[in-house]
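The block underneath contains the structure these notes are about, expressed in C-alpha cells.
The values are calculated or read from the model by the stated rules, or taken from the named source; none is laboratory data. Here the structure is a predicted model, which means the values were calculated and not measured. We place every Cβ from the backbone using ideal geometry, glycine too, and count neighbours over all the protein chains shown. All accessible areas refer to the heavy atoms of the entire protein, side chains included, with ligands and DNA or RNA removed. Shrake-Rupley method; radii C 1.70, N 1.55, O 1.52, S 1.80 Å.
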Amino acid sequence: MSEPTQPKGSDDPAQVAAFEARIARGETIEPKDWMPERYRRQLVRMMSQHAHSEVVGMLPEGNWITRAPSLRRKISLLAKVQDEAGHGLYIYCGTETLGVDRAELIDQLLAGTAKYSSIFNYPTLTWADMGAIGWLVDGAAIVNQTMLAHASFGPYARAMVRICKEENFHKRQGYEIMATLAAGTPAQKAMAQDALDRWWWPSLMMFGPSDKESPNSAELLRWKIKQKGNDELRQRFVNLTVPQAAAIGLHIPDPLLTLDKETGDWEFGPIDWNEFMQVISGNGPCNRERLAARRKAHADGAWVRDAAVAHAAKDAARSAA
Amino acid sequence: MLFNYLLRLGDDRLVLGHRLSEWCGHGPILEEDIAAANIALDLLGQASMFLKYAGEVEGKGRDADALAYWRDETQFRNVQLVELPNGDYGFTILRQFLVSAWAYHHLGALAASADETLAGMAAKALKETRYHLRHSAEWVVRLGDGTDESHGRMQRALDELWPWTGELSWQHEVDAALRSEGIVPDLAALRGPFEAMAKEQFARATLVLPDGPMRMTGGRLGRHTEHLGHMLAEMQIVARSHPGAQW
Ligand SMILES: [Fe+2]
Ligand SMILES: [Fe+2]
C-alpha cells in the first residue's frame, strides 16, 4: 500500500508488474490498493468527465420541465433530471476515494478545462427532445456503462451498476415518450421524427472517436478500465436502436444504413468527426450557454454555501462551549 | 363547494411545485438540487391527487390534466404567495418553510375531515409535508444564522414574504358551508399555532418578524399577481398547442 498522490513517474516497476498481474487475473482494485499514478489519473479523468456530464446533462432536459405537457410527464421528467443529479453526486464521491475533491473538479468544469459529454451542447428544441434524449442519449450511456460496470476500479464499477439501473428506466421512459408521439397526431409524429433527425448523429458521437484515433483507448483497455473499444460499443448501440426506431415507425436519418446479413450488424454511414471536434473544442451550439448556466448557479449559490459553513462552525463552537 | 376547496389545495401545490422545479439544475449545491426536486415532486404528486379528486367531485369529466392545463389564471385558486417568482435560494426556502408550516397544520386538521377521501389524501400529504417542513426549517436557521450577508438576505426575504401569509388563513362562504358539514377546519383556529411555529423558528434563525399589515390579496377568488399568467403561459404552452393530443 502507498500514497495515492505520489508524483508522476515514481512508480516502481516491480509494483507496476504486480499491479498489472492483478488486473490480468481480473481482480478489482480498491482505493487503498497500490496503483500506478497513470491509472489513478486516467480514472480521475474519466470519472470526473462522467460526473460533469451528469450535472451539465441536467440543463438540456431541465429546459422542458416547466413546459411538460401533462402532470405525469412533468413529474417523470423532473424525477429523471433529479436522478442525473444523484448520479453526478455519486460519481464525484467516487473520485474523492482517489484523493480529488468535488470542489476542485467543479472549479475545473467552471474554468472550462474539464470535459463533459459533447451531446449536452446541443439544444433541446421541442418536447420530443425529451423522448429522444431518454431513448438515445441514456440508451448510449447504458451501452457504455454496462461495460464500465466491469471496470477494474471497484468504486467506479459499483457506481455504474447502480446508475445503470436508473439509466435503463430513463431509456424506457424516453422511448415511451417517442412511441406515444409517433402514434399521435401528425404534428406529434413530425416532432418525434425531427427530434430523431437531430439527435441521431450526436448520439453516435457519444462513444468517441474510432479507437485508432482515440488517444487513451489502448491504456484504458490494458488496465481494464474499459473492456471494449469505442467502435464496438457504437456498433452495439446502433444494432440495438435501429429495430426500436422501426418498431415505432420512425426513420433513422442515414441513407447508407444497411444490414450486414453475415455479421448481423447495421452498417452506418460516415460520422461527421469535424462536427464532433467543433463541439468538443467549445464551438457547439450550446457550449457557452451550458457553462454560463453552471457558472451562474455556482456564483449565485456562493452565499448559501458560505452561510452553511459559517452556521456549522457556529454550531460546533456553541456545542463545544 | 368541495370542488372549489380542492382546487385551492391542488393549485397551491401545482404552482409551488412548478416554481420549485425551476431550480432544477440551477441550485446552490448539488444536494439542494436533489432536495428541492424531491419537494417539488411531492407537491406535484399532491396536486395531481387533489385535482383528480376535484374533477371527480365536479363531475364534468375533467381530469387533473384538464384542470392544470386548460384553466386560465382567473380560474386558479392558489394563494398569491406560491406564485411569486423564486428570488434567491433564501427567498425560495423561506417561502417553502412558510407554506410547509401552514400545510402541516392545515393538512393535520383535514386528516380528520368528514369526507373520508379528503381525509386520506390529507394524511398522505401530511407525511410528505413533515419532511418539507424539517428541511426548509433547517435551511432557514442555517441561512438566518449564517453569515452577515445571508442573515441580511433572509431578513429581507421575511419582510417581503410575511405580509403574503395573511391569505393562507383567509376564509369565505366556501369554508363556512364545508365547515358546517365537518369537511374542513376553521382556518382562523390554525392561525395561532402556525404563527407560534413560525416565530419559534425565526427566533432560532435570529430573524425578526415584521409587524406591518398583511397585504390585500385575492388568490382564492382567482385574483392573482401579474406573475401567475406568465407562469401558466409557459406551463400550458405545449399542451394547449395540441388540443386533444395524448402525451
Ligand atoms: Fe445519469
Ligand atoms: Fe439518465
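Taking each DSSP H run with n ≥ 4 as -39500 (n - 2.57) and averaging over every residue of chain A yields -20000 deg cm²/dmol at 222 nm. Classify the protein assembly as shown: rounded, prolate or oblate, from the alpha-carbon gyration tensor (a ≥ b ≥ c, eigenvalue square roots; a/c under 1.5 rounded; otherwise prolate if a/b is larger than b/c)? Note, shape of the protein assembly as shown comes out oblate. Result for chain A in a Gaussian network model with C-alpha springs under 10 Å: among A:VAL56, A:VAL16, A:VAL309, the largest mean-square fluctuation is at A:VAL309. Of all lysines in the structure, those lying under 29 Å Cα to Cα from A:LYS296, and not within fewer than 8 positions of it along the same chain, are A:LYS74, A:LYS80, A:LYS115, A:LYS314. As a rough guide to protection, the peptides B:175-187, B:8-20 ranked by mean Cβ packing within 10 Å, highest first, stand as B:8-20, B:175-187.
In the protein assembly as shown, carbon and sulfur make up what percent of the accessible area (probe 1.4 Å)?
Answer for the protein assembly as shown is 55 percent, counting heavy atoms of protein chains only.
Ranking B:GLY144, B:HIS172, B:TRP23 by Cα position along the charge dipole of segment B:2-241, where only Lys, Arg, Asp and Glu carry charges on their C-beta atoms, puts B:HIS172 farthest toward the positive end. The modelled label-to-label distance for the pair B:GLU173/B:THR206, using points 7 Å beyond Cα in the direction of Cβ, is 5.1 nm.
Leaving out ligands and nucleic acids, and using a 1.4 Å probe, what accessible area per residue does segment B:101-247 come to in Å²?
On the way: 6840 Å² over 147 residues.
Value for segment B:101-247: 47 Å² per residue.
Looking only at B:LEU209, B:LEU110, B:LEU30, which one moves most when chain B is put into a Gaussian network model with springs between Cα atoms under 10 Å? Looking only at B:LEU209, B:LEU110, B:LEU30, the biggest GNM fluctuation is shown by B:LEU30. With the simple spin-label model, which puts each label point 7 Å out from Cα in the Cβ direction, the A:ARG38 to A:ASP231 separation comes to 2.3 nm.
Run the Debye formula on the Cα coordinates of segment B:12-91, all scatterers equal and no solvent, and tell me log10 I(q)/I(0) at q = 0.15, 0.18, 0.21, 0.26 1/Å. At q = 0.15, 0.18, 0.21, 0.26 Å⁻¹ the computed log10 ratios are -0.57, -0.77, -0.95, -1.23.
Taking N as the number of residues in chain A, what value does Rg over Cα atoms divided by 2.2 N^0.38 Å take?
Numbers: Rg = 21.3 Å, N = 321, 2.2 N^0.38 = 19.7 Å.
Taking the Cα Rg and dividing by 2.2 N^0.38 Å, one obtains 1.08.
With the highest mean first, a sort of the peptides A:113-120, B:222-229 on other beta-carbon atoms found within 10 angstrom per residue produces A:113-120, B:222-229. Rolling a 1.4 Å probe over the heavy atoms of the protein chains gives chain A an accessible area of 43 Å² per residue. Distance from the Cα centre of segment A:254-313 to that of segment B:109-173, in angstrom? Cα centroid of segment A:254-313 versus Cα centroid of segment B:109-173: 37 Å apart. For the peptide A:72-84, the mean number of other protein chain Cβ atoms found within 10 angstrom of a residue's Cβ is 6. Extent of chain B along its three principal axes (Cα atoms, max minus min coordinate, largest first): 54, 42, 32 Å. The base-10 log of I(q)/I(0) for segment A:114-219, evaluated at q = 0.17, 0.23 Å⁻¹, reads -0.85, -1.21 [Debye formula, identical scatterers on Cα atoms, solvent excluded]. Excluding ligands, DNA and RNA and using a 1.4 Å probe, chains B and A jointly bury around 3900 Å² of accessible surface, summed across both partners.
Placing +1 on the Cβ of every Lys and Arg and -1 on the Cβ of every Asp and Glu, with nothing else charged, gives chain A a dipole about its Cα centre of roughly 800 debye. Computed about its Cα centre, the charge dipole of segment B:2-241 is approximately 280 debye, with only Lys, Arg, Asp and Glu carrying charge at their Cβ.
Other chains near A:293-300: what is the mean number of their Cβ atoms within 10 Å of each residue's Cβ? Numbers along the way, then the final one.
Working: counts 2, 2, 0, 1, 9, 3, 1, 5.
The per-residue average across the peptide is 3.
For A:ILE29, the residues whose modelled amide H falls within less than 5 Å of its own, excluding neighbours fewer than 5 places apart on the same chain, are A:PHE153, A:GLY154.
Enter the mean number of other protein chain beta carbons within 10 Å of the beta carbon of each residue in A:178-184, as an integer.
Details: counts 0, 0, 3, 3, 0, 1, 5.
Across the residues of A:178-184, the mean count of other-chain Cβ atoms within 10 Å is 2.
Could you work out how much longer the chain between A:THR185 and A:ALA14 gets when fully extended? Use 0.36 nm per residue separation minus the Cα distance between them, nm to one decimal. Please report the intermediate quantities before stating the final value.
Working: separation 171, 0.36 × 171 = 61.56 nm, distance 6.66 nm.
Residue separation times 0.36 nm, minus the Cα-Cα distance, leaves 54.9 nm.
Distance between the 7 Å Cα→Cβ label points at B:ALA112 and B:GLN75: 3.6 nm. Can you give the relative contact order of segment B:2-241 as a percent, counting alpha carbon pairs under 8 Å and 6+ residues apart? It rounds to 25 percent for segment B:2-241. A Förster distance of 35 Å, applied to the separation of the beta-carbon atoms of A:GLU30 and A:SER319, puts the FRET efficiency at 0.50. Judged by the mean number of other Cβ atoms found within 10 Å, the most tightly packed of the peptides B:238-244, A:59-65 leads the ranking A:59-65, B:238-244. Can you figure out the FRET efficiency of A:ASP306 with A:TYR90, using R₀ = 22 Å and their beta-carbon distance, to the nearest 0.05? With a Förster radius of 22 Å, E is 0.30.
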